[in-house]
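Participant: For reference, the structure I am asking about is given below.
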Amino acid sequence: MHRRKKLPIIVGGTNYYIESILWNVLIDTGQGSDTESEKAGAPESKVELEKLGGPELHRRLKEVDPDMAAVLHPHDARKIARSLQVYMDTGVPHSRLLEEQRGQDGGDCLGGPLRFQDPCIFWLHYKMNALDERLDKRVDQMLSLGLIDELRDFHLRFNEKKIKESSQDYQHGIFQSIGFKEFHEYLTASEDISQEERDKLKIKGVESLKQATRRYARKQNKWVRNRFLKRPASNVPPVYGLDVTDVTNWETTVLTPALKILDCLQKGEQPSTQPIRTEGVESRNKRSHHMCDLCEKVIIGDLEWTAHQKSKNHLYQVRKRRKAEQATDQVTNPTEHQNVSDRQVPVL
């Protein structure tokens, strides 16, 4: 498109896909069919690896890539399996590939440099109450267009057998999509239950779907802030916010401002509208490794470690140890307590 002098415009899509288009963050594993690990009969697919469980995967990763194992939680089977798969396909530790990628000119702690020059991001955002209302109406519209029938048909053709074989997994493939697992109880309900109970399960599924949709919208907003606005590097494209709370004023509040910004950028001029900036962002290590001996837990990330130290369970363990240490001191140093008991107290 660039060679044809056309301006590529990407709308929507998964945020991770957008990030992989903007930055060089993907690892090219190639074919790798002749690596030693595969010759030894190791599982080839990431899904097969995950079935081994976190602890076993973590043990294997420590043998081939101790640096990567140190920054991944022992129970995070998905990420550990990914790192093992990268090593199996390339013969190179995942940590080394990431280090090389981040070390490129313009790279940062989240990946390599920008893939294209001068990208521009328009972030369409809502006031949360208006967004929640719109999302709920969207779910209601999906239901009126036959969502339940579509889910039931998909369940009968693809999922019912998996459940009977105990091989159903809502963490992989199409089954993890929002709108399917929320109706699991309704779709798998016994034929013997009453219509009233069946209706309750349906209502429960609808509410779960609405909650999951609202939760995902917030997750997307958080992703934009963390991966764009708070990205700890200089190679971050400008992010211009456009308020779409009131879509009846779309041309005035969204289209016209966006076209003006784009026109200025193409001419090399500074738009009158300023991009969104996040100030006071502290640098933090998202891969730092912490071991809490009190709680016997591994914590990955500075923010997560700070949150753990303030958690109720951790503070309870702190108080518990402090009391135990005080009791030990009283047993090992009884002199002070004996002196108190030996004092003569006047009788009144």
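Participant: What angle, in degrees between 0 and 90 and rounded to the nearest 10, separates the Cα long axis of helix 77-90 from the longest principal axis of the Cα atoms of the chain?
Facilitator: 60
Participant: Using a 10 Å Cβ count of at most 14 others and DSSP loop calls, identify the longest part of the chain lacking such chymotrypsin sites (Phe, Trp or Tyr not before Pro).
Facilitator: The longest uninterrupted stretch comes out as 171-348.
Participant: Next question, about the same structure. One quarter of the convex hull surface, Cα atoms only: what value does that give for the range 59-117 in nm²? Intermediate results must be reported in sequence, preceding the final value.
Facilitator: Values: hull surface 18.0 nm².
Dividing the Cα hull surface by four gives the mean projection, 4.5 nm².
Participant: For Thr256 and Val298, calculate 0.36 nm times their separation in residues minus their Cα-Cα distance, and state this gained length in nm to one decimal. Before the final figure, lay out each step's value.
Facilitator: Numbers: separation 42, 0.36 × 42 = 15.12 nm, distance 5.05 nm.
That works out to 10.1 nm of additional length.
Participant: Calculated FRET efficiency, Ile9 and Ala324, Cβ-Cβ r, R0 45 Å, to nearest 0.05?
Facilitator: Efficiency computed from Cβ-Cβ geometry: 0.10.
Participant: Let me ask something additional. Sum up the charges of everything whose Cβ sits under 15 Å from the Cβ of Glu251, counting Lys and Arg as +1 and Asp and Glu as -1, but leave Glu251 out.
Facilitator: Taking every other residue near Glu251 into account, the sum is -1.
Participant: Run through the range 107-178 and list the GluC sites (Glu not before Pro) located in a DSSP loop whose Cβ has at most 13 other Cβ atoms within 10 Å. Don't skip to the end; give the middle numbers.
Facilitator: Working: sites: Glu133, Glu150, Glu160, Glu165; in loops: Glu165.
Of the GluC sites (Glu not before Pro), the ones in loops of the range 107-178 whose Cβ has at most 13 other Cβ atoms within 10 Å are Glu165.
Participant: Hey, another quick one. Between their Cα atoms, which of Lys5/Lys260; Lys204/Lys312; Lys51/Lys164; Lys181/Lys219 are more than 29 Å away from each other?
Facilitator: Table pairs above 29 Å Cα-Cα are Lys204/Lys312.
Participant: Also, I was wondering about something else. What is the angle, in °, between the Cα long axis of helix 54-64 and the longest principal axis of the Cα atoms in the chain? Nearest 10 is fine, range 0 to 90.
Facilitator: 80
Participant: Would you please give the residues with an amide H less than 5 Å from that of Val239, counting only those at least 5 places away or on a separate chain, with H modeled from the backbone geometry?
Facilitator: Ile276
Participant: Could you list which residues have their amide H under 5 Å from that of Trp23, counting only those 5 or more apart in sequence or on another chain, with H placed in the peptide plane?
Facilitator: Counting only residues 5 or more places away or on other chains, the set is Arg115.
Participant: While we're looking at this one, here's another question. Regarding the range 104-145, what are the three Cα extents along the principal axes, ordered largest first, in Å?
Facilitator: Principal extents (largest minus smallest coordinate, Cα): 51, 23, 20 Å.
Participant: When the gyration tensor of the chain is built from Cα positions, what are the square roots of 5 times its three eigenvalues, in whole Å, from largest to smallest?
Facilitator: Ellipsoid half-lengths, sorted descending, are 44, 32, 30 Å.
Participant: For the Cα atoms of the chain, what angle does the longest principal axis make with the long axis of helix 312-332, in degrees from 0 to 90, nearest 10?
Facilitator: So the helix axis and the longest Cα principal axis differ by about 20 degrees.
Participant: Next up: On a full-extension model of 0.36 nm per residue, what is the gain between Gln195 and Lys137, subtracting their alpha-carbon distance, rounded to one decimal in nm?
Facilitator: Going from the current span to full extension adds 18.3 nm.
Participant: Roll a 1.4 angstrom probe over the protein heavy atoms and tell me the percent of accessible area of the chain that is carbon or sulfur. Please report the intermediate quantities before stating the final value.
Facilitator: Working: 12020 of 24100 Å².
About 50 percent, which is the carbon plus sulfur part of the accessible surface.
Participant: Tell me the per residue accessible area of the chain using a 1.4 Å probe; a whole number in Å² is fine. Spell out each step's value before the answer.
Facilitator: Numbers: 24100 Å² over 348 residues.
Normalised by residue count, the accessible surface of the chain is 69 Å².
The values are calculated or read from the model by the stated rules, or taken from the named source; none is laboratory data. Since we're looking at a predicted model, the values are computed, not measured. So basically every Cβ, Gly included, is an ideal-geometry build from the backbone, and we count neighbours across all protein chains shown. Heavy atoms of the whole protein, side chains included, go into the accessibility calculation; ligands, DNA and RNA do not. Shrake-Rupley method; radii C 1.70, N 1.55, O 1.52, S 1.80 Å.
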